[in-house]
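In what follows, a single structure is set out as structure tokens and then discussed.
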Amino acid sequence: MPPVIAIDGPSASGKGTVAQRVAHALGFHYLDSGALYRGVALAAAKSGTKLIAGTALERLAATMDIAFSGDIIYLNQMIVTDEIRSEAISEAASMVGAIASVRLALIARQRAFRQPPGLVADGRDMGSTIFPAAGLKIYLTADAQERASRRCKQLIAKGLSANMSTLLQDILARDERDSVRAAAPLQKCKDAMLLDTTNLSIDAAVEQVLARYAAVKQVP
Ligand code: C5P
């Protein structure tokens, strides 16, 4: 089976950027599993589907037409790259992520990304549930205040409005929901390496992941 590097962590911890850069450095595929939950949330919003367990939401999860091309995300052949990252969809995705039957419907889609020569997957349960035998597991986190400030800068850079205290509240609420839910909660696996990026640049975080991967690859 192609190797997998699982990178889990809370919202806005920088795991997406780090995972993408690591995948690029190794020539591996990249799975942004959060985009699948966001895709379900957006498809539900567009079709007026309620965010509750029941066949409609699971059907969307199993059948939505979502595609990735570099940084661009398509849902039903429409570009949704920015829309999918809005605060409203972030909130809805976190609600969708708490529904066990939706998680189940997304398992096979996520595992299908494991293709040669390897995969870097980021999310909440990559190491615990989707790829429990991943050769390297990283738990990437940062202070909530620092994460809110990064998210604020990202939004402003995109020309969108942002309010630090609202962002911080949203992040804390999502952390809470992602961590206390019964289905595949956000957690640091025992065998995951903790990487706190509060005072670490993206470059340094990428280097640490690559160094750790080079070390574990040597283990037969
Ligand atoms: O990673 P991202 O912030 O894009 O994920 C959006 C939401 O999707 C999270 O708040 C979480 O509730 C859910 N999610 C999840 N499991 C994953 C990835 C994301 O529950 N593996």
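Within region 209-220, restricting attention to residues that are within 18 Å of TYR139 (Cα to Cα) and either open to solvent by 40 Å² or more (accessible area, probe 1.4 Å) or of a type in the set (Val, Ile, Thr) (or both), which residue is nearest to the ligand (Cβ to nearest atom)? Top of the filtered list is VAL209.
Looking across region 78-103, the residues that are more than 12 Å from the ligand (Cβ to nearest atom) and either open to solvent by less than 60 Å² (accessible area, probe 1.4 Å) or more than 23 Å from THR17 (Cβ to Cβ) (or both) come down to MET78, VAL80, THR81, SER101.
Candidates VAL209, VAL219: the one that is farther than 25 Å from THR81 by Cα and at pLDDT below 95 is VAL219.
For region 87-108, the condition holds for at least one residue, the condition being that it is of a type in the set (S, T, N, Q), within 22 Å of ARG174 (Cα to Cα) and at pLDDT below 95. Grab the helices (runs of 4 or more DSSP H) fully contained in region 1-79, keeping just those with 3 or more residues being under 30 Å from VAL209 (Cβ atoms). Hits in region 1-79: 15-26, 33-47.
With respect to GLU146, is the statement that it is acidic (Asp, Glu) and more than 20 Å from ILE7 (Cβ to Cβ) true? Taking the combined requirement at face value, the residue does not satisfy it.
Take the conditions farther than 18 Å from GLN154 by Cα and within 12 Å of the ligand (Cβ to nearest atom) and apply them to LEU26. Does it pass? Against the criterion (farther than 18 Å from GLN154 by Cα and within 12 Å of the ligand (Cβ to nearest atom)), LEU26 does not qualify. Quick one: is ALA133 more than 15 Å from LEU186 (Cα to Cα) and not in a helix (DSSP H, G or I)? Spelling it out, ALA133 is indeed more than 15 Å from LEU186 (Cα to Cα) and not in a helix (DSSP H, G or I). Return yes or no: is GLY118 over 16 Å from the mean Cα position of the chain (by Cα) and within 24 Å of ALA211 (Cβ to Cβ)? Yes, satisfied.
Table: residues versus (1) within 16 Å of the ligand (Cβ to nearest atom); (2) surrounded by 12 or more Cβ atoms within 10 Å (Cβ to Cβ).
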| residue | (1), (2) |
| --- | --- |
| SER128 | yes, yes |
| THR141 | yes, yes |
| GLN154 | yes, yes |
| GLN169 | yes, yes |
| VAL180 | yes, no |
| ALA192 | yes, yes |
| SER201 | no, no |
| GLU207 | no, yes |
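For region 104-126, the set of residues classified as touching a helix residue (DSSP H, G or I) at 6+ places or on another chain (Cβ under 7 Å) and within 13 Å of the ligand (Cβ to nearest atom) consists of ALA105, LEU106, ILE107, ARG109, GLN110, ARG111, ALA121, ASP122, GLY123, ARG124, MET126, listed by residue number.
Within region 18-37, the set of residues being out of contact with any strand residue (DSSP E or B) (no Cβ under 8 Å at 6 or more places or on another chain) and open to solvent by less than 60 Å² (accessible area, probe 1.4 Å) comprises GLY27, TYR37.
Here's the yes/no breakdown for (1) hydroxyl-bearing (Ser, Thr, Tyr); (2) at positive phi; (3) free of Cβ contacts under 8 Å to residues at least 12 places away in the same chain:
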| residue | (1), (2), (3) |
| --- | --- |
| GLY27 | no, yes, no |
| LEU57 | no, no, no |
| ALA67 | no, no, yes |
| THR81 | yes, no, yes |
| ALA108 | no, no, yes |
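On the stretch given as region 185-220, residues that are among the aliphatic types (A, V, I, L, M), outside any helix (DSSP H, G or I) and within 19 Å of ARG147 (Cα to Cα) total 4.
Residues that are in contact (Cβ under 8 Å) with a residue 40 or more places away in the chain and not in a helix (DSSP H, G or I) are absent from region 168-178 altogether.
The values are calculated or read from the model by the stated rules, or taken from the named source; none is laboratory data. Please read all numbers here as calculations on a predicted model, not as lab measurements. With ideal geometry, Cβ positions are generated from the backbone for all residues, glycine too; neighbour counts draw on all protein chains shown. The accessibility values were calculated without ligands, DNA or RNA, using every heavy atom of the protein model including side chains. Shrake-Rupley method; radii C 1.70, N 1.55, O 1.52, S 1.80 Å.
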